[in-house]
Protein chains: 2
Amino acid sequence: MSEVLENYVRGRWQAGKAPLADLHDPTTGEVIARASTGGIDMKGALDWARDVGGKALRAMTFAQRAEMLLAASKAIHAHRDALLEVGIRNGGNTRKDAKFDVDGAIGTLAAYADWGKKLGDTDAMLDGEGIQLGRTPRLWGQHVLLPRHGVAVHVNAFNFPAWGLAEKAACAWLAGMPVVSKPATATAMLAERVVRVLVDAKVLPEGALSLLCGSAGDLLDHMTAQDVLAFTGSADTGYLLRSKERLLRRSVRVNVEADSLNSAVLGPDVEPGTETWNLFLRDVVTDMTQKAGQKCTAIRRVLVPAARLADVEADLKERLTALKIGHPGQEGVGMGPLSTASQLRDAKAGVTKLLAESTIVFGTLDEPALVGATPGAGWFLSPVLLRTKDASAAKTVHEHEVFGPVSTLLPWDGTPAAAADLVRKGEGSLVASVFSDDRDFVRQMIVAIGPWHGRLYLGSEHMAGQSPGPGTVLPGTIHGGPGRAGGGEELGAFRGLALYQQRVALEGDRAAIEKMFPPK
Amino acid sequence: MSEVLENYVRGRWQAGKAPLADLHDPTTGEVIARASTGGIDMKGALDWARDVGGKALRAMTFAQRAEMLLAASKAIHAHRDALLEVGIRNGGNTRKDAKFDVDGAIGTLAAYADWGKKLGDTDAMLDGEGIQLGRTPRLWGQHVLLPRHGVAVHVNAFNFPAWGLAEKAACAWLAGMPVVSKPATATAMLAERVVRVLVDAKVLPEGALSLLCGSAGDLLDHMTAQDVLAFTGSADTGYLLRSKERLLRRSVRVNVEADSLNSAVLGPDVEPGTETWNLFLRDVVTDMTQKAGQKCTAIRRVLVPAARLADVEADLKERLTALKIGHPGQEGVGMGPLSTASQLRDAKAGVTKLLAESTIVFGTLDEPALVGATPGAGWFLSPVLLRTKDASAAKTVHEHEVFGPVSTLLPWDGTPAAAADLVRKGEGSLVASVFSDDRDFVRQMIVAIGPWHGRLYLGSEHMAGQSPGPGTVLPGTIHGGPGRAGGGEELGAFRGLALYQQRVALEGDRAAIEKMFPPK
């Protein structure tokens, strides 16, 4: 009998009614748990979060919420080993991949605890300095940021069940909003364990966190004007959520972080064998193989000066050949399976789609040789490196993201203008990376492609050994991107709180305003 | 023959094809102009703005764009008298009302010119300070704000044809985006004149401004991922625009500023006859009568401690009785007609709706006595002051905005908690005002109702003579509000540029980033 994951609603663990969805071990294909939200009162869940959790969090100062975040971070850290095992088992993560997720959760909560501490013992955050509004200095304007009086509904993606829950919750909680978290059902086991850890550790006030392990059901039909919906996942699901009349009519805030075709650009100044060259190779290979390429920030399009193409291909092939694929819990295995059967199906179909305009440089759609795993049982795909002949004429490579260990080389003429034209064909991405030690080239690229991205990673010789690479989302910089990437924004230190706050301009007598909301 | 208003598209004045819509003088009901966008190539208009205007504006520094804004402000000022006449004639504005609109345009452009000058000779705006991202200070994060590579489409409301065009354009232009402006057709004559002034003065680079005097046609069907739509008007139209699949699928940024039921709260500490009392009366009467109450920021719900209700009623009646209604161009007339026949129809129907839960304290739905205007010809309504018996049980007064000289008194028990409950029934407003000299009461109100508003106006004895009142939108504070008010945000000094910028996190070597984007 497989375990039934419970939902945590109105302060109680509750199993959902049949039918239950299956959760698998993607290495073996076995069913390891089941989950459902059948029979859960979604309206009641939201009302309770708003009434009990919202009031409790708003009664706390930023310093108190920061302590709460730190305690949550520590509680998760205390159960790190057990959580890593769940990531390996339900996510198909290697131990390193699982750490990426779980340590990301621990680290992001701790980072927001630090920032919250800086805000101190106050319930209101000032937004910028005050401003004189009239002819005399008496008529004063001061913007303040106040927590919204609703609930934050977090709909997360399957690939980061721990980090996805924690990075969104850290921002909402520090801002003063309660959270109802809905992980993707297929990998919800890790999210469920994280919530159990937090509930058992009693580090959160009642109502601050609820969990729905199955379908969202009619959850969104009960959202109201002060609520916030933050979604990470596919563009199609993002569209379905944000197009709901109820949300649009009530101006419910919706943040979408969706698919994107992230680019890496190798500058024409970078010579083979240099530090910048090797950093570029490392980052491309990391993004192809980490989490089996199932990262929304992963490099999908690799722009290489035509003259360097053969060298890049040879070096990438060498590195990819050395990779061991198989049981993610086994020592030495560098890449596990995709997380679900449908991910594998979609990835293979996606590569087939790309093949209309590209050829395979490395890899195959057949199951790769496996270390420590039974052939034919799990959902394995080898890294697939493609090359497009005419990057400018190609369409699919700029429009269709294959969410797996798949990347495409795009030869180009080495000019910033042509690189920018190619990058922009993606219609907006989470991140792009530019590998170059030529500052003129880099600045031109920043200005030309910046508006199509939420983040630009600048790889240079000085970055070797300093950076985890473009695929890693750090809490200090924003995460999100325009257009195809969903148009949203998360994290970025205090910027991440804005989604959960209402900016209010106070207009009145300067002395009175400064007495009530003292400037720093 | 009435004048045909032309559209300014692709750098040429072009009349639209039949059928043409009529524009009226609301004082007499006469047709004074006609307009249409029939036959205008909307896709071509947007492409041209993006390609020609966007490139030109992005090639300018902030200091250069600031000079441009100042020149635009001066050009409008040079034609002020002629523009005021158009406001009187096509808008039914008194001279004072017309100044409110035209001087608002002049002042907002000048204010943004000042702010732009402060940004200096650079094409990139830093967003906050840099931040250390890694264990060593070398891995650095710096957020920058870059102009989006699209076009800003501005769909404006009928009540502020000059200010609405200018306040939106000031922010877009300073950020570096070209504008296609679509005023409400009924009062488009003033917007058309403003654009003619700007075009003739040659103060803008080619492509920076286009104008559509008639229907938007299929304009929105050609918007792309880097474009921005900013709309001011009714909640229903706002919903229609923002629910378009094309906009949602491409994450086109949409800002909505819609109807709201703005409140004024008279604190229980305020004694009749005091400065704060008189300020409260002045602001309620101003908001009822200025622009004939056709202001999205106007006070619609007036919360009065039950014990003060009789005094407030008596004092408001006295002030409203003194008001002269009639030809808006005539000296001594305090209020003109509503701007259109449908506004008058809707306002009367709205009052009838409110009467189910309220009684009339002052005014009537019959045409008032007119000064200098022919009875039965124009679209006049007297100020209508209502009173609701049970403010907490009432629904319509909190949900249905009557967009005319109409306001309702709501008696309440004087406690902040009960006031907050009433105010929040509006489900989000642009502005609320609190009149009180009791700072504890005021701070409690700010925290309780702040998240439901974009701005809180704090009326106190120190404000008398200092402030234009809650109904006036100042460029230094944000304009917009959550929920019913549309969830948008405009103006607020530099905050107003954000809609037209992409925030991009740069991640890389500190020295390189600081060289390319020097910190202040």
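Here are the numbers:
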| item | result |
| --- | --- |
| Tally of residues being within 20 Å of B:GLY476 (Cβ to Cβ), within 12 Å of another protein chain (Cβ to nearest Cβ) and of a type in the set (A, V, I, L, M, F, W, C) across the range B:102-146 | 4 |
| Number of the condition not met by A:VAL473 [criteria: (1) under 30 Å from A:PHE62 (Cβ atoms); (2) modelled with pLDDT under 95] | (2) |
| Sole exception among (1) over 21 Å from the mean Cα position of the chain (by Cα); (2) within 22 Å of B:ARG455 (Cα to Cα) for B:ARG308, by number | (2) |
| Some residue of the range B:184-207 being outside any helix (DSSP H, G or I), of a type in the set (Ser, Thr, Tyr) and farther than 17 Å from B:GLY53 by Cα | no |
| Filter pass, B:TRP173 being surrounded by 22 or more Cβ atoms within 10 Å (Cβ to Cβ) and within 10 Å of chain A (Cβ to nearest Cβ) | no |
| Residue, nearest to B:ARG148 (Cα to Cα), within the range A:462-473, restricted to residues that are facing chain B (nearest Cβ under 7 Å) and part of a loop (DSSP other than H, G, I, E, B) | A:SER467 |
| From A:GLY488, A:GLY476, A:GLY496, A:GLY508, residue being touching a Gly at 6+ places or on another chain (Cβ under 6 Å) and either under 18 Å from A:ALA111 (Cβ atoms) or assigned to a strand (DSSP E or B) (or both) | A:GLY476 |
| Tally, over the range B:255-304, of residues that are small (Gly, Ala, Ser) and without any contact (Cβ under 8 Å) to a residue 40 or more places away in the chain | 1 |
| Residue match in the range B:495-518 (condition: of a type outside the set (S, T, N, Q), under 17 Å from the mean Cα position of the chain (by Cα) and facing another protein chain (nearest Cβ under 8 Å)) | yes |
| In the range B:100-123, residue surrounded by the fewest Cβ atoms within 10 Å (Cβ to Cβ) [restricted to those that are among the hydroxyl-bearing types (Ser, Thr, Tyr) and in a helix (DSSP H, G or I)] | B:THR108 |
| Residue within the range B:344-351 that is at pLDDT 95 or above and within 25 Å of B:ASP311 (Cα to Cα) present | yes |
| Matching entry among B:GLY480, B:GLY486 (being at the interface with chain A (Cβ under 7 Å from one of its Cβ atoms), crowded, with 24+ Cβ neighbours inside 10 Å and within 15 Å of the chain's Cα centre (by Cα)) | B:GLY486 |
| Per-region count, the range A:98-131, residues of a type in the set (S, T, N, Q) and at pLDDT 95 or above | 1 |
| Residues being touching a strand residue (DSSP E or B) at 6+ places or on another chain (Cβ under 7 Å) and assigned to a loop (DSSP other than H, G, I, E, B) - total across the range B:289-314 | 3 |
| Pairs with Cβ under 8 Å, 6+ apart, first in the range A:305-333 and at positive phi, second β-branched (Val, Ile, Thr) and surrounded by fewer than 17 Cβ atoms within 10 Å (Cβ to Cβ) | A:GLY326/A:VAL371; A:GLY332/A:VAL371 |
| Residue among B:LEU240, B:LEU281 that alone is within 14 Å of chain A (Cβ to nearest Cβ), surrounded by fewer than 22 Cβ atoms within 10 Å (Cβ to Cβ) and either modelled with pLDDT of 95 or more or part of a helix (DSSP H, G or I) (or both) | B:LEU240 |
| Among residues of the range B:235-263, those that are over 15 Å from A:PRO482 (Cβ atoms), among the hydroxyl-bearing types (Ser, Thr, Tyr) and in contact with a Lys or Arg (Cβ under 8 Å, 6 or more places away or on another chain), counted | 3 |
| Output for the range A:442-469, where each listed residue is modelled with pLDDT under 95 and either within 13 Å of the chain's Cα centre (by Cα) or at positive phi (or both) | A:GLY465, A:GLY469 |
| The range B:195-230, subset among the acidic types (Asp, Glu) and surrounded by fewer than 24 Cβ atoms within 10 Å (Cβ to Cβ), residue nearest to B:TRP173 (Cα to Cα) | B:GLU206 |
| Qualifying strands (runs of 3 or more DSSP E) (wholly inside the range A:124-166; at least 2 residues being in the same structural domain as A:ALA45 (by TED's automatic domain parsing) and crowded, with 21+ Cβ neighbours inside 10 Å) | A:139-147, A:152-155 |
| Unmet criterion (only one of (1) under 16 Å from B:LEU499 (Cα atoms); (2) within 25 Å of the chain's Cα centre (by Cα)) for B:ASP103 | (1) |
| Residues that are touching a residue at least 12 places away in the same chain (Cβ under 8 Å) and either within 7 Å of chain B (Cβ to nearest Cβ) or of a type in the set (Asp, Glu) (or both), drawn from the range A:243-254 | A:ARG250, A:SER251, A:ARG253 |
| Residue match in the range A:223-232 (condition: among the β-branched types (Val, Ile, Thr), more than 10 Å from every other protein chain (Cβ to nearest Cβ) and more than 30 Å from A:SER436 (Cβ to Cβ)) | yes |
| Given (1) in a helix (DSSP H, G or I); (2) touching a helix residue (DSSP H, G or I) at 6+ places or on another chain (Cβ under 7 Å); (3) free of Cβ contacts under 8 Å to residues at least 12 places away in the same chain, index of the condition A:LEU84 fails | (3) |
| Residue within the range A:9-22 that is outside any loop (DSSP other than H, G, I, E, B), assigned by TED's automatic domain parsing to the domain that holds A:GLY217, closer than 30 Å to A:ALA377 by Cβ and not aromatic (Phe, Trp, Tyr) present | yes |
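The values are calculated or read from the model by the stated rules, or taken from the named source; none is laboratory data. Because the structure is predicted, anything quoted here is derived from the model rather than measured. All Cβ positions, glycine included, derive from the backbone under ideal geometry; neighbour counts span all protein chains shown.
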